[in-house]
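Novice: Just dropping this structure here.
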Amino acid sequence: MKKIKTAFSKNYFLLPLLIVSCVISFYACKKTDQQLPAEALHQDMVDYLAKVYGFNKNTIEATKDEIIAEGDMVFSANDFWKKYTVNLNDNAKHYKYGKVTATSNILINVASGTPTEWVDAAKSAVTAWNSISGGLTFSIKTNVNQSTSGVSVYMAELPGTFWKKPYALAEYPSGGYPGWRIRINTKGFSSTKSEKIGIMVHEIGHCIGLTHTDSGEGTLIGNLGTCSTGTDNASIMKDDGTYSWSGFSECDKKAYDAFY
Ligand SMILES: [Zn+2]
């Protein structure tokens, strides 16, 4: 009796272990093999970003933790509804949605250990954003070990997406605050000094709520005249993978000025 009971108890305890290990292997496979696209992951959030933010659904992908629109705009799945639900009456229309309203000072915190060329690119990007007219002031701290506010910039190994292999991913604004981080892809394409500056300018643009000027989707910033139609080929907020920095386009400047 004792023997039988022991055997039974053993099996009884083995069963949950077996189930747990099956579940873990399933998710481990899922994470590596089926990470993107993941239609079933956060479908409600994907739908919301398509409907309200106006992103083309085919450009939105999801991982367990985040939803990525058009290859590099990141929305956290955690507290998504608290962070990104927008006032539908905000019809102010260059493509945008999340406006920074809680602060006018955008602090860029570049993590210690970041390669010098990226630190320099971030510095140049901050100078660039400060050089044009708008209501925000940009500043930068380097060799930061732990940032408490502002935008954290650091190197990270990022997953490839079906959309593209990203140079970097930028968090979108939430709750009136700028997107909280820019992750530079340690596995991204190589880039020139000029491209690094362009990439940093572009990603900071996302952190303050600007989206892609060539996506044809989303809500336009208002009162841009001819800048509201056609493609602005000189825009740094274009998503065509060429980011050599030669300054903002006239429409970029106009859009930033109108938005802020
Ligand atoms: Zn982008």
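Novice: Quick one: net charge of Thr114's neighbours, Cβ under 12 Å, K/R +1, D/E -1?
Specialist: Charge balance near Thr114 sits at +2.
Novice: What is the sum of charges, Lys and Arg at +1 and Asp and Glu at -1, for the other residues whose Cβ falls under 12 Å from the Cβ of Cys251?
Specialist: -2
Novice: Any idea what Rg and Dmax come out to for segment 95-259 if you just take the C-alpha atoms, in Å?
Specialist: My reading of the Cα-based Rg and Dmax gives 14.8, 44 Å.
Novice: Within 10 Å of each residue's Cβ, count the other Cβ atoms and sort Val153, Val46, Val52 from fewest upward.
Specialist: By the 10 Å Cβ count, ascending: Val52, Val46, Val153.
Novice: Would you pull out the residues with amide H under 5 Å of Asp239's amide H, same chain only if 5 or more places away, H placed 1.01 Å from N?
Specialist: Excluding prolines and chain starts, which carry no amide H, the hits are Thr213, Asp214.
Novice: A follow-up question, please. Out of segment 164-228, which GluC sites (Glu not before Pro) are coil in DSSP terms and have no more than 14 other C-beta atoms within 10 Å?
Specialist: Passing both the DSSP loop test and the Cβ count: no residue.
Novice: I've got another one for you. Residue by residue through segment 184-195, which ³J(HN,Hα) values in whole Hz follow from phi under the Karplus form 6.51 cos²θ - 1.76 cosθ + 1.60 (θ = phi - 60°), with glycine and proline marked x?
Specialist: These are the phi-based 3J(HN,Hα) values: 8, 6, 5, 10, x, 5, 6, 9, 6, 4, 5, 5 Hz.
Novice: Could you give each residue of segment 244-260 its phi-based ³J(HN,Hα) in whole Hz, using Karplus coefficients 6.51, -1.76, 1.60 with θ = phi - 60°, and x for Gly or Pro?
Specialist: 3, 8, 9, x, 6, 6, 4, 5, 4, 4, 5, 5, 4, 5, 6, 6, 10
Novice: Enumerate the amide H contacts of Asn109 below 5 Å, restricted to partners 5 or more residues apart or on another chain; note that Pro and chain-start residues carry no placed amide H.
Specialist: HN-HN under 5 Å from Asn109: Lys141, Val151, Ser152, Val153.
Novice: I'd like the Karplus ³J(HN,Hα) series for segment 116-123: coefficients 6.51, -1.76, 1.60, θ = phi - 60°, whole numbers in Hz, and an x wherever there's a Gly or Pro.
Specialist: Calculated HN-Hα couplings, in order: 3, 5, 6, 4, 4, 4, 5, 4 Hz.
Novice: Could I ask something else about it? If amide hydrogens are placed 1.01 Å from N in the peptide plane, which non-local residues have theirs closer than 5 Å to the one on Tyr177?
Specialist: HN-HN under 5 Å from Tyr177: Thr101, Ala102.
Novice: Hey, which of these cross-link pairs are over 28 Å Cα-Cα: Lys165/Lys193; Lys82/Lys254; Lys57/Lys83; Lys51/Lys99; Lys64/Lys123; Lys123/Lys238?
Specialist: Beyond 28 Å between Cα atoms: Lys82/Lys254; Lys64/Lys123.
Novice: What distance in nm separates the two pseudo spin-label positions at Ala102 and Val52, each 7 Å out from Cα along the beta-carbon direction?
Specialist: Label at Ala102, label at Val52, 1.6 nm between them.
Novice: Between Ser139 and Thr229, what is the label-to-label distance in nm when each label sits 7 Å out along the Cα-to-Cβ direction?
Specialist: The modelled label-to-label distance comes out at 4.4 nm.
Novice: Lys and Arg at +1, Asp and Glu at -1: add these up for the other residues within a Cβ distance under 12 Å of Thr226 and post the number.
Specialist: Around Thr226, the charge tally is -1.
The numbers here are math on the coordinates, done by the rules we state, and not lab data. Since we're looking at a predicted model, the values are computed, not measured. Glycine also receives a Cβ, built like all others from the backbone with ideal geometry; neighbour counts cover every protein chain displayed.
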